[in-house]
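Comments concern the structure below.
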Amino acid sequence: MPVHTSVTSQDSPGKGAGLGLALASALAFGGSGVAAKPLIEAGLDPLHVVWLRVAGAAVVMLPLAVRHRALPRRRPALLAGFGLLAVAGVQACYFAALSRIPVGVALLIEYLAPALVLGWVRFVQRRPVTRAAALGVVLAAGGLACVVEVWSGLGFDALGLLLALGAACCQVGYFVLADQGGDAGQAAPDPLGVIAYGLLVGAAVLTVVARPWHLDWSVLAGSADLNGTAVPAVALLAWIVLVATVIAYVTGVLSVRRLSPQVAGVVACLEAVIATVLAWVLLGEHLSAPQVAGGAIVLAGAFIAQSATPGEDTARPAAADSAERELSARGTAA
């Protein structure tokens, strides 16, 4: 399923608002790690934090699910895939990675996803990619090598790195499924309904995996350490649910509706920068100079790869071919 570029959305007078929403989404998503890590360090299992996040957001979004109650009958596979990959898979892998590697590193690895999307386009869809896109992939891979300091024998936890890569792969699934839901024109499912049901599916899956009946609820009644400052654990959880999940998803979806998916995806790459800066300021996670440089290279590679994704240019020939076939058919009928 190709990645489409919406010309009308790019020419819309609401483009400025769309950019603002995309930035708000990146800021909201970027703050999830710095709020989650103190809860994990206070004694909550990473999967329990993920379950609390997704289940809490699902409850908040439940009215939208009721409003779009016909959606499961129309697009069951889309909702199941979105819930499994874009919600449960991304969050579980990312939060599990947080317990083993720094927030900035986990998120930088996760944002290899735009480059991995190019692999999907080239090797699965068998569509050509530009040289700029290939350059973006190379840059992202080289930057990742700097982030994990391969010259020092992968000093970071290997399992943590694999979990972060798992989050990146699940995010590729998010891009692919979002594109599948958006290429149906007027028949496309409401994205807010997709998010609501995705959260419900994700919460159901995570309930089986995380087994929340073993959750240590007493942790939420206490406080968590935020770089030397005691913060109520329930306040951190409220931030994760309301801001880093509900607001983040909603503003992200609305930004995509006003921008092309490519532009919104590029702006979303700022999430890694925001999370790294917040982790530096709030958690005291200092990265070395090579890691900072590597992170910048990863973001540059993701930016180039995402912005160079074939969209409008490849869609136009397909549309032209369709028009030619239609004209030919009419000529034959005449």
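Any read-out appearing in this document is the output of simple, stated calculations on the displayed coordinates, not a laboratory observation. Just so it is clear, the model here is predicted, and its values are computed rather than measured. Backbone-built Cβ (ideal geometry, glycine too); neighbour counts: all protein chains shown.
Each residue of the stretch 49-59 was assigned a 3J(HN,Hα) from its phi angle through the Karplus expression (A = 6.51, B = -1.76, C = 1.60, θ = phi - 60°), giving 5, 4, 4, 4, 5, 6, 5, x, 5, 4, 5 Hz with x at Gly and Pro. Residue-wise HN-Hα couplings along the stretch 78-84, as the Karplus relation 6.51 cos²θ - 1.76 cosθ + 1.60 with θ = phi - 60° gives them from phi, are 4, 5, 5, x, 5, x, 6 Hz; Gly and Pro carry x.
In order along the stretch 33-45, the phi-based Karplus estimate (6.51 cos²θ - 1.76 cosθ + 1.60, θ = phi - 60°) of 3J(HN,Hα) comes to x, 5, 8, 7, 4, x, 5, 5, 5, 7, x, 7, 5 Hz; Gly and Pro are listed as x.
Using a ≥ b ≥ c from the Cα gyration tensor of the stretch 88-153 (square roots of the eigenvalues), is it rounded, prolate or oblate, where a/c under 1.5 gives rounded and otherwise the larger of a/b and b/c decides, a/b for prolate?
Note, shape of the stretch 88-153 comes out oblate.
Taking the inverse of the mean reciprocal distance over all distinct Cα pairs, the Kirkwood hydrodynamic radius of the stretch 43-84 comes to 11.8 Å. A dipole drawn for the stretch 13-151 from +1 and -1 charges on Cβ atoms has a positive end, and of Ala145, His48, Ala77 the residue lying farthest that way is Ala77. Peptide packing for 212-223, 280-291, 112-123, 48-59 was compared via the average number of neighbouring C-beta atoms within 10 Å per residue; ordered from the highest value, the list is 48-59, 112-123, 280-291, 212-223.
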